[in-house]
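Reviewing the structure listed below.
The values are calculated or read from the model by the stated rules, or taken from the named source; none is laboratory data. A quick note: this is a predicted structure, and the numbers were derived from the prediction, not measured. Methodologically, a virtual Cβ is constructed for each residue, glycine included, from the backbone with ideal geometry; neighbour enumeration extends over all protein chains shown. For the accessible areas, the whole protein counts, side chains as well, though only heavy atoms, and no ligand, DNA or RNA atoms are used. Shrake-Rupley method; radii C 1.70, N 1.55, O 1.52, S 1.80 Å.
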Amino acid sequence: MLKEDKLLAIGYDALVQINEKKVIETAREWMENKYEPRKLLNKLAEAMVEIGRKFDEKEYFLAQFILSSNIMENVTKMILEEAAVTEMVPEHKGTIIMGTVKNDIHDLGKKIAASMLRVEGFTVIDL
């Protein structure tokens, strides 16, 4: 069993390296240890900021940014579903409706924002 700090670092590095398998493994281990889901999701959000920086500085291409966004969305969904089963769900704070024009590049940012809002206890309706 790894300690929280070690798992957070592994999850962060895995997402920055766009290693979906490792991110999912880390998330599963996190939930098996019954650690606070919000802590891991906040750390993964920090990784997304780093990925955004790498994209802005042309270290990463659009495909890598899109893939990391999809990983973040899938892991968030998995963690929140598991949290619901184990009754570790954050308090419901309200409902937010979000949307973008179909196939718009801003859809990536919307997905990240929606993931973070869900972590904080909001129900997000993604148009």
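Once the 1.4 Å probe is applied to the protein heavy atoms, the chain comes out at 59 Å² accessible per residue.
Of the two radii for region 8-67, the radius of gyration is 1.02 times the Kirkwood radius, both from the alpha carbons; that is the Rg over Rh value. One chain, two ends: GLU50 and ILE97. Fully extended at 0.36 nm per residue, the span grows by 14.3 nm beyond their Cα-Cα distance. Taking THR26, THR76, THR95 in turn, the Gaussian network model of the chain (Cα-Cα springs below 10 Å) assigns the largest fluctuation to THR95.
The eigenvalues of the Cα gyration tensor, multiplied by 5 and square-rooted, give the chain an equivalent ellipsoid with semi-axes of 23, 20, 10 Å from largest to smallest. Checking every one of the trypsin sites (Lys or Arg not before Pro) in region 28-127 against DSSP loop status and a limit of 14 other Cβ atoms within 10 Å picks out LYS34, LYS58, LYS93, LYS102.
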